[in-house]
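Below is one structure, written out as structure tokens, with a few remarks after it.
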Amino acid sequence: MNELASMERLLKKLFYLLVVLSILLGFFVKKEHSLFGWHEIPAVEAIFGGIGALLLLMAGKFLASFASKKEDFYD
Amino acid sequence: MIKPILPALIFILGAIPIPFLKGKLKQFYLLLVPVLALIDLYSLGVGTQWGIPFLGYELIFLKVDRLSLIIGYIFVLIGFLALLYSLHVKEDLQHIAAFLYMASSLGVVFSGDYFSLFVFWEIMAVTSVFLVWSQREKASLDAGFRYLLMHILGGCCLLTGIIIQVIETGTVALTPPMNGWASLLILIGFGLNTAFIPLHTWLPDAYPEGTVVGSVFLSVFTTKTGVYTLARCFSGNEILAYMGGIMAIYGVIFALLQNDIRRLISYHIVSQVGYMVAGVGVGTELGVNGGIAHVFNHILYKALLFMCTGSILYMSGKRKLTELGGLARMMPVTCITCVIASLSISGVPGFNGFVSKGMVIGSATESQKPFLELMLTLASVGTFLSFTKLCYFTFFKRNDEIKAKESPLNMQVAMILTASLCILFGVFPQILFHVLPYTPVGYHPYTFFHVIGVAQLFLVAGFVFFKARSAFSPHPWIILDFDYLYRKAFQAIAWFCRKPLNDFRLSIQALFSKAVGYIASLSRNPFSPKGGDYNENIYRNPMGLGVLLAILFLFLYGLIYLVRL
């Protein structure tokens, strides 16, 4: 059980490391197609990922606030 | 030399012996037919055409070009894998329905005229519903009827559009329709099968209610023939591009809220088909290639997802996230293949979705559609979150109550083969690029910039998921969709027919009955007895009176005739 917990902690650390590494690499990578303004922002995909996830979460919560019903609603 | 035949005909004729075969022979036969169809497709050269004259029109049942050929290939390939997955099923009805469904889908793809396309289109709707009804539950029966009703509605729109198109152009050839009513009605007909918002409700309603095997077939054909017809007739239509964007986001938001795993992945069909529609709508070479490549890749990973969720349902009897969890140890093959399918649909580098999704988003950028690019990127984030949720709550979250074991061997082999293809086309996209409609394909998916960008997108989204895990946790609920409005509208129509319209009918009927009674009383013999016993010999008019009237009439008629002469 302890082994499993330590493995989980290790995976978590690895995950955080990858997040930080990918964001840092975003500052050094050469842009290929900068057609729109936001393409110029360094690590813009990371910003999209974070804001997008929060936006979708909020959209879901808003939708569920009036459209969620019990599972036997149509029965 | 053996001449190639209609691919649809192979499956139509192939369905006939199924009820007469049993055991290993039947299993061998079920796999042999798609192999024959694949050989047949391989022998069909681009430009092959075959048709017959009918009522002054040329009906073309076989018209082969690069677009129809690639769709034909993936239909037959996935048909083989889905049949392999279904080998343990004893019920012939499901196999026959699947064969005819595949046949009609191939019929649509290789049709060269609107008439034969429409015939196969309708056969597709009728045969596919048996894959839902075969589940033999009330929910399946009801969902099947709603599915059929929606498709009949779409079919009526399509037929009306086709008739207007034929009257206006004088030809049944499958060409982009004339602007106006023909175009609009044909677009609605195609759009219903493609799950345009808000005509999509039949999809997340019926697909989760299909049989374990049936839903795998259902996930493949109907929506993809819709995308194919759009690519054939409406490529470059800007409305389509934005409809694709709306579908991509709409499907993702609804998927994120689902508790039923099969309904969750059904909403993702709406979302992923959105990418295809967007690519076709952009209409550039990269857009159409991207849309069609996404059809190809999506068929693989979506069929795999339905195989995996079917495997879970088949072995555990459960399909709700709130009841699942901890299956990774009990069903390792299902778990690994489901993770591969999830990475593919999310568009993670190294998996097939990464290539085609990148092509579609790239086409939106290339054609100066910033809003569309943002919509499709946002949908990518949602897809990743949704499948992180699916995998976590199904396989990795602790659940000590659930009991299950790995699915039968044929199901496992089918899942492993499909997962391998997801990786193969992800690592070596050039194999797919060779058969896309426009060649050569100048798209390079594995650039450092693209890979890092996608990694950032998903890693940060994943970070948000694990930090706000409880906010994403499933709930035992359903989320009302547009079908709520349709159900209310149909209830109102049913009430209108049952009450006001029926009352009106009864009042008209009463009025006519009264009028008939009045006329009957006028035509009554004034000499008829008012009471007492009727004696025919007393009250009967003399026969001579009738003869006299007849002679008089003939005399007058003759007189008029002679005078006119």
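Coordinate-derived values only; no laboratory data. What you are looking at is a predicted structure, and each value in this text was computed from that prediction instead of being measured. Glycine gets a Cβ as well: all are built from the backbone with ideal geometry, and neighbour counts include every protein chain shown.
Numbers below:
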quantity: Rounded if a/c under 1.5, otherwise prolate or oblate - the protein assembly as shown, Cα gyration tensor axes; calculated: prolate
quantity: Helix B:261-282 axis, angle to chain B major axis (alpha carbon atoms, nearest 10°); calculated: 90
quantity: Angle between chain B longest axis and helix B:138-169 axis [Cα atoms, degrees, rounded to 10]; calculated: 70
quantity: Where trypsin sites (Lys or Arg not before Pro) in DSSP loops with at most 16 other Cβ within 10 Å are excluded, longest remaining stretch of chain B; calculated: B:137-397
quantity: Cα-centred dipole magnitude for the protein assembly as shown, charges only on beta-carbon of K, R (+1) and D, E (-1), debye, nearest 20; calculated: 1120
quantity: 10 Å binning of all Cα-Cα separations within the range B:235-475, expressed as whole percents from 0 upward; calculated: 8, 33, 35, 18, 5, 0
quantity: Top positive-direction residue, dipole computed over chain B with Cβ charges, set B:M243, B:I292, B:C338; calculated: B:C338
quantity: Binned Cα-Cα distances of chain B, short to long, each 10 Å bin given as a whole percent; calculated: 3, 16, 25, 22, 12, 5, 4, 4, 4, 3, 1, 0
quantity: Rounded tilt (10° steps) of B:502-522 against the dominant C-alpha axis of chain B; calculated: 10
quantity: Theoretical ellipticity at 222 nm over chain B - DSSP helices of four or more residues, -39500 (n - 2.57) apiece, nearest 500; calculated: -23000 deg cm²/dmol
quantity: Options B:A255, B:L372, B:N399, ranked by Cα towards positive dipole end of the range B:235-475, top entry (Cβ charges); calculated: B:N399
quantity: Residue exposure sequence - B:C308, B:C422 - by fewest surrounding Cβ within 10 Å; calculated: B:C422, B:C308
quantity: Residue-by-residue Karplus 3J(HN,Hα) for the range B:80-92, coefficients 6.51, -1.76, 1.60, Hz, glycine and proline x; calculated: 4, 5, 5, 5, 4, 5, 9, 4, 6, 6, 8, 6, 5
quantity: Gyration tensor over alpha-carbon atoms, the range B:200-249, equivalent ellipsoid semi-axes in Å; calculated: 25, 13, 7
quantity: Cα gyration tensor, chain A - rounded (a/c under 1.5), prolate or oblate; calculated: oblate
quantity: Likely footprinting exposure, B:W121, A:W38, B:W495, fewest C-beta neighbours within 10 Å first; calculated: B:W495, A:W38, B:W121
